[in-house]
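Worksheet: one structure, shown below.
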Amino acid sequence: MRRWRCRRERMKLAWSVFVLMAVAVPPVRADDGCPDLTGHYRVDGFGPVLGDALEALKLQSAGFTDSEVKISGDAAQSLSFWIKSGRSGAMASRPSLTLTRGAQYDCAAGAIVLRNSVESARKTDDGHLEGRSVVRLSRSGEGLGLSAEFHGGQRYTLYSYESARISVPKPGTGRTVIDGIRWPGIREPRPAKDYVPAPDSPAVADLRRQLQGVLGDVRLGGLEDRGGRVRASLNASRAEDVVAFEDRLHEAGLLYVTTQAPVWSNNQYYMEFLFGIAPGITARGWHPSVFRVQHEIDRLRSPMISVRGIKDADDGYIAELDVIGSESVDPLLQRLRTNTTMFRAIEVLDDVPQTDRRNLRVVRLRLKTSLG
C-alpha cells in the first residue's frame, strides 16, 4: 500500500512538471516564412528593381557603384541595415535603417514583403507604364534576392506643367510585371571582366553624333536600333527644356515620331522618340509631340479657355478645349494662325455645351501640322 502511494505521488509530481512545462514553453509554431537575411552584400543589378528597392527601403545612398549593405537581426522581430555608399565611402558605424516586423514588413513564403509600395515605371514595347511596386527580399544562396511586383499601365496626361501633372489611366493597358535581381555576398568573387557594351550600329552611331549638338539640357538615356530606325529614350527636368529640345530637332531637320509623349514621373519628364523614316513611308514633315502642341496652344490661349487634352491624329491633332461662358474661340484661332507656324490648317469640328455645367462648352479643333 505504501509503495502504491509513493508511486501515485511520483506520477502526480511528473504530471505537475509536464503541466508547468506546457504552460511555460510556447508551442512550436509552423514556419511563418521569415527568412534569415543576415549577411554582407554588394549592391548589384542596377535598373528599375534596384530603384524600387532602394526607394522602398529609403536607402538611396546605396545606389552608387560599389556600394555595400550589411543586414543583421532576426527577421521574425526586426532587421537593421548598414550602408557603404560607393567606392570611396566607409561602412556606417551604426544602422542606417531599422525595420520592424508588423510595422514596415511582413513575412510570407520565405520572403520579407515591404508594406509601403512605391511609385514606379516600366518601359515596354507597348509603351511607358506608370504604377506602383511591391518589393520583396529573400535569401539567394550566399546573396540577397530582391524582386519587385509592378502593377500599372499607360496614362493619358490631361494637364502637365513643371512638377504638376493630372493624368488618367488608359483603359486596357494595365499590366503586372515581376522582375528580380541579386546582390552577391561580399565573399563571392567579382566577375572576371567588366561588362563591355556592344558597339553602336551605324544608325545608332550616326544619330548619337547628330543629337550631341541639340540635346541642350535634355539627357539621353539610351538608343536602340529598330531595323534602321533608332528609338531614343530621353529625360529632362523642366517643361521648357522639352519644348526647346523639340524645337531644336525641328531646326536641325531631324525627323521623329513620338512613341512616348513627355510625361512627368519620378521628378523628371520622360519621353521616347523614334528617329528616321520607315521604308516606303514619305516624310510628313515636323510632327511634334502632343506635349509640344499643348504648350503652343497654352502660350496663346485666353484666360477663359483651357486645354482639356490633345490627341495625335495621323497628319495632325485633335485638341479639346474647355471654354467658359460665351467666350468665342475666334480670337484664339486668329492668334494661332498669326503667331505660330506649327499649323498649316485649323478647323473647328464642334462646339458643344455641357449639360452638367451651364457655363461650360467643349470645343474640338483639328490641327494639321506644317509640312516644313
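Any chance you could run the full-extension gain for residue 209 through residue 94? It's 0.36 nm times the residue separation minus the Cα-Cα distance, nm to one decimal.
Here the answer is 36.7 nm.
By how many degrees, between 0 and 90 and to the nearest 10, does the Cα long axis of helix 330-339 differ from the longest principal axis of the chain?
80 degrees
Helix 2-24 against the longest principal axis of the chain: what's the angle in degrees, Cα atoms only, rounded to the nearest 10?
20 degrees
Between residue 237 and residue 38, what's the calculated FRET efficiency when r is the beta-carbon distance and R0 is 30 Å? Round to 0.05.
0.15
Return the sequence-ordered ³J(HN,Hα) values of segment 241-257 in whole Hz as given by the Karplus equation 6.51 cos²θ - 1.76 cosθ + 1.60 applied to θ = phi - 60°, using x for Gly and Pro.
For segment 241-257, the Karplus-derived couplings read 5, 5, 4, 5, 5, 5, 5, 5, 4, 5, 5, 7, x, 8, 7, 8, 10 Hz, x marking Gly and Pro.
Compute the helix-to-body angle for 48-57: its Cα long axis versus the longest principal axis of the chain, expressed 0 to 90° and rounded to tens.
Compared with the principal axis, the helix lies near 60 degrees.
Over every pair of different alpha-carbon atoms in segment 234-309, take the mean of 1/r and invert it; report that Kirkwood radius in Å.
This gives a value of 13.6 Å.
With a point put 7 Å past each Cα toward its Cβ, work out how far residue 142 is from residue 225 in nm, to one decimal.
Result for the modelled spin labels: 3.9 nm.
Please give the length that would be gained between residue 60 and residue 173 if that part of the chain were fully extended, namely 0.36 nm times their separation in residues minus their C-alpha to C-alpha distance (nm, one decimal).
Working: separation 113, 0.36 × 113 = 40.68 nm, distance 2.99 nm.
Length difference between fully extended and current span is 37.7 nm.
Compute the distance in nm between two label points, each set 7 Å from the Cα along the Cα-to-Cβ direction, one at residue 76 and one at residue 330.
8.1 nm
Within segment 60-80, which residues have the backbone N less than 11 Å from the label spot 7 Å out from residue 165 along Cα→beta-carbon, could you tell me?
none
Suppose a student asked you for the relative contact order of the chain, using Cα pairs under 8 Å spaced at least 6 residues apart; what percent would you report?
9 percent
Enumerate the whole-percent occupancy of each 5 Å bin, from 0 to the last occupied one, for all C-alpha pair distances of segment 39-183.
2, 9, 17, 20, 18, 13, 9, 7, 4, 1
Which value, to two decimals, describes the C-alpha radius of gyration of segment 291-369 once divided by 2.2 N^0.38 Å?
Normalised Rg, Cα atoms only: 1.03.
Quick check: pseudo-label points 7 Å beyond the Cα along Cα→Cβ at residue 347 and residue 200, how many nm apart are they?
Once both label points are built, they end up 4.2 nm from each other.
Calculated from DSSP H runs of 4 or more alone, at -39500 (n - 2.57) each and per residue, what is the 222 nm mean residue ellipticity of the chain, nearest 500?
One gets -6500 deg cm²/dmol as the mean residue ellipticity at 222 nm.
Note down the relative contact order for segment 39-183 as a percent, whole number, built from C-alpha pairs under 8 angstrom at least six residues apart.
RCO, segment 39-183: 20 percent.
Cα gyration tensor of segment 141-272, axes a ≥ b ≥ c as square roots of the eigenvalues: rounded (a/c below 1.5), prolate (a/b > b/c) or oblate?
It is oblate, given that a/c is not under 1.5 and a/b is not larger than b/c.
Here, each number is a calculation from the coordinates, and none is a lab measurement. The shown structure was predicted, so the numbers you read here are calculated from the model rather than taken from an experiment. Heads up, the Cβs are rebuilt from the backbone with ideal geometry, glycines too, and the neighbour counts pull from every protein chain shown.
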